[in-house]
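Inspection log for the structure reproduced underneath, given as structure tokens.
The values are calculated or read from the model by the stated rules, or taken from the named source; none is laboratory data. Everything quoted here is computed from the prediction, not taken from an experiment. Cβ placement follows ideal geometry from the backbone for every residue including glycine, while neighbour counts extend to all protein chains displayed. Please note that ligands, DNA and RNA were not included when accessible areas were found on the heavy atoms of the full protein model with its side chains. Shrake-Rupley method; radii C 1.70, N 1.55, O 1.52, S 1.80 Å.
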Amino acid sequence: MNNFENKNILITGGSSGIGKALIAEFHKNGANTFAVVGRNVDKMKKLQSEFPDVKFSFIQADVSKLADIKEIINSVKKEWKQIDILINNAGVVSAGALEETSDEDIIAQQNINTTGLILLTKYALPLLKKSEDSAIINISSGLGLIGMPFYATYAATKAAVKQFSEALRRELKDFPIHVMTVYPTATDTPMMESASSKNMDTPKMVAEDTVKGLKNTEIDVIMGGKERKENNIENFENPLEFDKKVSSMFDSMKERASKHRSM
Ligand SMILES: NC(=O)c1ccc[n+]([C@@H]2O[C@H](COP(=O)([O-])OP(=O)(O)OC[C@H]3O[C@@H](n4cnc5c(N)ncnc54)[C@H](OP(=O)(O)O)[C@@H]3O)[C@@H](O)[C@H]2O)c1
């Protein structure tokens with residue numbers, strides 16, 4: 001997909017961080033029509049002053065609620081005949097030792113990061129199939145490729161996104177719907193404010209690589225450069241050896257995760 005003019009883009013979590021940067025980058029590349037989903041409508045409305053020439057619909061909804069998912073599609077249908085790009089970006093994190101993580105945070109991470117993404121995709125598919133050239137972009141995480149201590153639940157939700165995308169891509173082979181997964185590494189967004197992390201990517205970097213990836217029909221956009229890709233291979237081929245590397249980071253991960261919560 002190269003031309004984003006006249007594309008209808010439905011994005012969850014577009015009011016902040018990576019989602020907002022994706023709106024900016026798609027807009028820079030010609031896109032002008034977005035339906036944005038989020039729980040806080042005031043946060044979404046600020047987008048209109050930042051992008052005055054964009055045609056926005058703001059849909060107040062919680063992707064972890066089935067009734068809200070159906071409402072998102074109903075409101076989109078009122079405005080559009082089809083969806084051209086669905087960006088499943090909304091996500092939350094609650095890190096720390098598993099035993100110390102509240103049941104509510106475990107359930108909410110699963111419901112928002114995984115189940116909501118799957119349900120929204122399911123209900124969006126009939127509208128995506130009406131487009132002659134459409135795409136689903138799922139935002140996973142580097143932690144969906146390499147599980148790290150103190151992020152067990154979050155890593156599980158993001159690994160599920162990886163596998164969902166792969167299976168769906170194969171299921172949709174007879175439709176002109178490209179399925180692409182993005183794996184950001186630590187990125188400087190509000191989600192990371194409670195994590196002590198250094199040398200983060202910017203949301204703009206993630207957005208630029210995402211749009212580039214879509215233009216090149218890539219299936220995976222993996223942030224973090226060459227080292228991250230080598231780590232992914234090493235972790236896959238020799239996980240016990242990779243454990244040693246992770247072990248050397250144990251204390252810093254514990255410290256980073258201790259206050260990391262963005263729900
Ligand atoms: N930042 C990183 O280091 C990093 C790294 C890897 C992957 N990611 C992934 O990248 C995606 C974007 O993260 P970000 O860093 O940009 O986070 P962010 O700045 O906290 O933004 C999250 C967005 O998701 C929305 N959202 C959260 N829960 C929602 C719900 N239940 N229903 C609807 N919308 C919801 C939020 O709006 P409301 O609060 O108004 O609902 C907000 O717009 C997430 O999937 C995250 O897991 C981030």
Hey, could you check the range 63-97 for residues that are closer than 28 Å to Glu132 by Cα and small (Gly, Ala, Ser) and say which is surrounded by the fewest Cβ atoms within 10 Å (Cβ to Cβ)? Ser75
Could you go through the range 245-252 and let me know if any residue there is among the small types (Gly, Ala, Ser), within 16 Å of the ligand (Cβ to nearest atom), in contact with a Phe, Trp or Tyr (Cβ under 9 Å, 6 or more places away or on another chain) and open to solvent by less than 80 Å² (accessible area, probe 1.4 Å). no
Residues within the range 52-66 that are more than 14 Å from the ligand (Cβ to nearest atom) and either among the charged types (D, E, K, R) or in a loop (DSSP other than H, G, I, E, B) (or both), tallied: 4
Quick check on the range 106-115. Is at least one of its residues over 24 Å from Ile73 (Cβ atoms) and free of Cβ contacts under 8 Å to residues at least 40 places away in the same chain? no
Of the residues that sit in the range 109-123 and are near the ligand (Cβ under 10 Å from one of its atoms) and not aliphatic (A, V, I, L, M), which one is nearest to Met263 (Cα to Cα)? Gln109
So which of Ile87, Ile83, Ile112, Ile73 is assigned to a helix (DSSP H, G or I), β-branched (Val, Ile, Thr) and within 18 Å of the chain's Cα centre (by Cα)? Ile112
Exactly one of Lys122, Lys129 is closer than 13 Å to Ser165 by Cα and surrounded by fewer than 19 Cβ atoms within 10 Å (Cβ to Cβ), and that residue is Lys122
Residue list for the range 1-44, filter: in a loop (DSSP other than H, G, I, E, B), buried (at least 18 other Cβ atoms within 10 Å of the Cβ) and within 15 Å of the ligand (Cβ to nearest atom): Gly13, Gly14, Ser15, Ser16
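Per-residue answers, yes or no, for (1) over 14 Å from Val182 (Cα atoms); (2) assigned to a helix (DSSP H, G or I):
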{"position": "Asp209", "(1), (2)": "no, yes"}
{"position": "Thr217", "(1), (2)": "no, no"}
{"position": "Asn231", "(1), (2)": "yes, yes"}
{"position": "Glu241", "(1), (2)": "yes, yes"}
{"position": "Lys244", "(1), (2)": "yes, yes"}
Restricting the range 138-173 to residues that are within 11 Å of the ligand (Cβ to nearest atom) and among the aliphatic types (A, V, I, L, M), the one surrounded by the most Cβ atoms within 10 Å (Cβ to Cβ) turns out to be Ile139
